[in-house]
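Comments concern the structure below.
Readers should treat all values here as calculations from the given coordinates under stated rules, not as data from a laboratory. Remember, predicted model here, so these are calculated numbers, not experimental data. Here the Cβ is made from the backbone with ideal geometry for all residues, glycine too, and neighbour counts use every protein chain on show.
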Amino acid sequence: MAEYFKQNWQHLLGAVLLHVLFAGVFGLTMVQLSRDAPPPVLAINATLVDLSKIPKQGRPKPPEVKQPDVDKEAEAAAEQRKKDEAAQREKEQQQEQERQAQLKREEEQKQQQEREVKEKEEVERKRVAEAQAQAEKEKAEAQAKAKAKAEADAKAKVEAERKRVAEIERKQKEEADRRRTAEESQSRAAREEELRRQLAEEEGRTNAVNSGLLNQWVALIQQRVERNWNRPPSAHPGLECEVRVSQTPGGTVLSAQVTSCNGDAAVKQSIEAAVLRSSPLPPPSDPSLFERNLVIVFKPAD
């Protein structure tokens, strides 16, 4: 309400002044009507005459008193008052119409102002909504850019990590290949060296075998076993048994087992005991002739 008075104070002030003017005119009119009203008319105009001093015959007739036309003047005054009242009412009606028109204009102006205010508010609302929409759009674009950048950074980081791991794996593979090549080269060289050694040993063994050294070593073992054999009573002439002997490089006998024999169990047991008592066995004159597992033929002289 205060905002309305603040915006329309000129129109409201004009309306108040107009009403004051109407009230002043009406008051002046009533004062003027009271001044212009006709003076009161006496109903009787009489003259005092002493009839005792006037003879009856010679007495003049009293003049006729003319009665004023009170009804016509009253009617005229009433008619005038009616006209004045009608004119006043017409004037008041005209003033009321003007006042109503003024109020209507003020109301229309108020409505126009309200429409303008609403239009301004609508424009402002649209502007704010557009600004908010633009801000949200810019925010969404910024978020999309930030997300795209984060994804690109993450992708670049993953790619960099993949390259780093690939480089490490490549270097590890190269190192493994290098080591494998070196190991293969060393292994091949070792195999070649072992093969050369084996060939040399085999050649030396072959030469030693061909020279009769192997037979000499086996004969020495047979002789030692035969010296350590306690001949059982059941041993008969023509005894011949094969004995499988396992020994260490130092000649220590690990085991002795008769595999085939034409003697009885006592004979077999006595031969195995003789082998064990012969430990350590004599070594060969050529180390290349050594065998961990030997098969000797026990054939004692009769």
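Observations on the structure shown:
- Taking 17 Å as the cut-off, the amide N atoms of region 268-302 that come nearer than this to a point 7 Å along the Cα-to-beta-carbon line of Arg197 belong to 287-292.
- Approximate spin-label separation Leu220-Lys299, in nm, with each point projected 7 Å along Cα-to-Cβ: 2.2
- A simple spin-label model places pseudo-atoms 7 Å from Cα toward Cβ; at Gln134 and Arg170 they are separated by 5.2 nm.
- Label-to-label distance, nm, for residues given as Ala156 and Ala142 (7 Å Cα→Cβ offset): 2.1
- In this calculation the C-beta distance from Lys163 to Thr248 is compared with R0 = 51 Å, giving a FRET efficiency of 0.30.
- Farthest positive-ward along region 212-298 dipole, Cα basis, beta-carbon charges - from Trp217, Pro284, Trp229: Trp229
- Shape analysis of region 212-298 yields a ratio of the Cα radius of gyration to the Kirkwood radius, Rg/Rh, of 0.97.
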